[in-house]
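What follows is a single structure, written as structure tokens, with notes after it.
The values are calculated or read from the model by the stated rules, or taken from the named source; none is laboratory data. All values derive from a computational prediction rather than experimental measurement. Please note: Cβ atoms are built from the backbone with ideal geometry, for glycine as well, and neighbour counts cover all protein chains shown. When the accessible area is computed, the model is the full protein with side chains, heavy atoms only, and any ligands, DNA or RNA have been set aside. Shrake-Rupley method; radii C 1.70, N 1.55, O 1.52, S 1.80 Å.
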Amino acid sequence: KIHLSHYLAGWFFYVTVNLHPLLCYLAEPRYQSIDYRYLLILPPFLLASVDQYRNHLYLSRLVKYNIPKEGLFRYVCCAHYLDEIIIYLCYSVVLQTFTALLILLWVIVNLSMSANQSYKFYEERKKDGKWWRILPFIY
């Protein structure tokens with residue numbers, strides 16, 4: 001079961017995160033035209049989005065408590081979290097606001113803590129120590 005406070009925090013986060021680009025668009029003319037940043041950031045955003053979808057589909061089909069071993073899961077125990085961080089990094093690069101940076105930092109810290117718990121769980125079963133938790137070569 002999910003605790004009510006976690007549910008409310010998630011609800012608040014996703015509502016405000018989705019309102020932020022709209023408010024930027026309405027408040028500042030610079031967001032109302034196509035910028036080179038959008039074109040440069042579109043490929044990693046789309047790749048991370050598709051990969052995240054595929055990772056969630058893969059995880060939903062795994063037998064409970066099995067260790068994921070396909071795709072980026074060969075290198076990172078929480079590949080779907082890595083995709084999420086890349087998505088929010090793209091979001092932050094496009095918007096270039098302090099709020100977008102804070103959102104990115106929140107996502108990194110929150111998912112890193114969850115990834116650490118998953119890492120400990122998987123390491124008890126895997127025992128080869130060749131995984132990164134969430135960010136390859138960093139954590």
- Over the range 37-139, give the accessible area per residue in Å² for a 1.4 Å probe, as an integer. 63 Å²
- Message: Let's see if you can work this out: charge +1 on each Lys and Arg Cβ, -1 on each Asp and Glu Cβ, no other charges. What is the dipole magnitude of the chain about its Cα centre, in debye to the nearest 20?
- Response: 580 debye
- Principal axes first, then extents: for the Cα atoms of the range 1-79, list largest minus smallest coordinate on each axis, whole Å, largest first. 50, 35, 17
- Hey, can you list the DSSP H helices of the chain whose Cα span along the axis is 30 Å or longer and whose average Kyte-Doolittle score is at least 0.0? 4-27, 36-61, 98-126
- Over the Cα atoms of the range 36-124, Rg to Rh with Kirkwood Rh, two decimal places? 1.03
- Using amide H atoms built 1.01 Å from N in the peptide plane, name the residues 5+ places from Val76, or on other chains, whose amide H lies under 5 Å from its own. Trp132
- Counting other Cβ atoms within 10 Å, which trypsin sites (Lys or Arg not before Pro) in the range 45-104 have at most 14 and lie in a DSSP loop? Lys64, Lys69
- Message: Tell me the carbon and sulfur percent of the accessible area for the chain, rounded to whole percent, probe radius 1.4 Å.
- Response: 67 percent
- Task: Decide, for the range 1-46, between rounded, prolate and oblate: order the square roots of the alpha carbon gyration tensor eigenvalues as a ≥ b ≥ c, take rounded if a/c falls under 1.5, and otherwise choose prolate if a/b is larger than b/c, else oblate.
- Result: oblate
- Among the lysines, which have Cα under 25 Å from the Cα of Lys126 when same-chain residues fewer than 8 positions away are ignored? Lys64, Lys69
- Message: Run the numbers for Arg54 and Tyr36: contour at 0.36 nm per residue of separation, minus the present Cα-Cα distance, in nm.
- Response: 3.7 nm
- Ellipticity estimate at 222 nm from DSSP helix runs (n ≥ 4, -39,500 (n - 2.57)) divided over the chain, nearest 500: -24500 deg cm²/dmol
